[in-house]
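Only the coordinates and a few stated rules stand behind these numbers; no lab work does. No experiment lies behind these values; they were computed from the predicted model shown. No Cβ is skipped: glycine too gets one built from the backbone with ideal geometry, and neighbour counts run over all protein chains shown.
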Amino acid sequence: MTKIAVIGGGTMGATFVRAVTSAGVISMNDLTVCEVLPERRGWLEGEFSGISVTGDQAEAINGGEVVYLSVKPQDLPSLNSTGGTAAKLLISILAGSTIADVQASTGADRVVRAMPNTPAQVGKGFTAWTATEGVTEDERALVSQLLDTMGEQLYVADESAIDKITAVSGSGPAYVFLVIEAMINAAVNIGLRPDDARRMVLQTVTGSSEFASQSGQHPAVLKDMVTSPGGTTAAGLRVLEQQGVRAAFIDAVAAAHQRAEELGRQ
């Protein structure tokens, strides 16, 4: 199996480890995680039996054929070419850090930039990724296989598409969580118990998403299936449209896209 060094054992680093090992794509013995915090290293060793954990970045990088970068963007300068990264295949999930940024700090030619989202923690994520020309077809196939373990993945040829996708799938879970929170609040406001409200809202959102995915029909068609003329759903939808909810979502995605581009230029 391919030897992989995971630099950064935080939430998304641990998510990657759990996903690839649970899917049987990579064994624990072929993974090394570099984590600077002693207490986090202890947690990783307890959570993932058989995995190698170190606080030495160079040790982890030198032992891996692939380096999965899941550190904070401000830690990127510490990953310099003298640390052995130049000769490795790098997979970077650093938000706001372009391929050019990663190459400037590491000296690497073979760089993948990926953007997973938080539902990857439960195997339901969406990851968009792109790669430099130096990444071979076999390496691209490996990257696709690795990212598939966290949910769905999409390769894009143009790196600028990553900023667009970040505004939708990267930031999107927060938009959905806001809707969930608002629906629970609304349910409690009309007299439902908080625990009942939470349970029904979560199941409604999960079920609606799964139904939309399996049906293959346009959301507008599915919305009309629920909406009877002059009925309760029509009354609720009328208020949402009057309050500009649709326009607010469009503006939110546009604002997130603009911010993603700004971060990439900093």
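Helix 38-47 versus the longest principal axis of the chain: what angle, 0 to 90°, nearest 10, using Cα atoms?
Rounded to the nearest ten degrees, it is 70.
Run down the lysines and flag those whose C-alpha is under 27 Å from the C-alpha of Lys88, throwing out any fewer than 8 positions away in its chain.
Lys3, Lys72
Looking at the chain, what % of its DSSP beta bridges pair antiparallel, to the nearest 5?
Approximately 15 percent, going by the DSSP bridge assignments.
What size of dipole, in debye to the nearest 20, comes out for region 111-214 about its Cα centre when the only charges are +1 on Lys and Arg C-beta atoms and -1 on Asp and Glu C-beta atoms?
It works out to roughly 560 debye.
With only alpha-carbon pairs counted, each pair once and no self-pairs, how large is the Kirkwood hydrodynamic radius of region 45-167 in angstroms?
Kirkwood hydrodynamic radius for region 45-167: 15.0 Å.
Val53's amide H: which non-local residues (gap 5+, or another chain) put their own amide H closer than 5 Å, with H modeled 1.01 Å from N in plane and none for Pro or chain starts?
So Val53 has HN proximity to Val33.
As a check on your grasp of the helix formula, calculate [θ] at 222 nm for the chain: sum -39500 (n - 2.57) over DSSP H runs of n ≥ 4, divide by the residue count, round to the nearest 500.
Dividing the helical sum by the residues of the chain leaves -15500 deg cm²/dmol.
Please determine, in degrees from 0 to 90 and to the nearest 10, the orientation of helix 245-265 with respect to the longest principal axis defined by the Cα atoms of the chain, where the helix direction is its Cα long axis.
20 degrees
Considering the convex hull of the alpha carbon atoms of region 187-241, report its projected area averaged over all viewing directions, in nm², one decimal.
For the Cα atoms of region 187-241, the hull's average projected area reads 4.5 nm².
Quick one: what Rg and Dmax do you get for region 1-107 from the alpha carbons, in Å?
Values for region 1-107 (Cα only, Rg and Dmax): 12.8, 36 Å.
Taking 8 Å as the Cα distance limit and 6 or more residues as the minimum spacing, I'd like the relative contact order of the chain as a percentage.
13 percent
What are the radius of gyration and Dmax of region 1-44, computed over its Cα atoms and given in Å?
10.1, 29
Among Ser169, Ser97, Ser215, determine the one that fluctuates most according to a GNM of the chain built with springs between C-alpha atoms less than 10 Å apart.
With Cα springs under 10 Å in the chain, the top fluctuation among Ser169, Ser97, Ser215 is at Ser215.
Over the Cα atoms of the chain, compute the convex hull volume and normalise it per residue, giving Å³.
With only Cα atoms used, the chain gives 154 Å³ per residue.
Please state, to two decimals, what the Cα-based radius of gyration of region 30-83 comes to when divided by 2.2 N^0.38 Å (N = residues).
1.13
What area, in nm² and to one decimal, does the C-alpha convex hull of region 132-266 cast on average over all directions?
Seen from a random direction, the Cα hull of region 132-266 projects 11.6 nm² on average.
Would you please put 237-243, 37-43, 56-62 in order of how densely packed they are, using the mean number of other Cβ atoms within 10 angstrom per residue and starting with the highest?
56-62, 37-43, 237-243
Nearest 10 degrees is fine. How inclined is helix 137-148 to the longest principal axis of the chain, computing both from alpha carbons?
For 137-148 against the chain, the angle is about 50 degrees.
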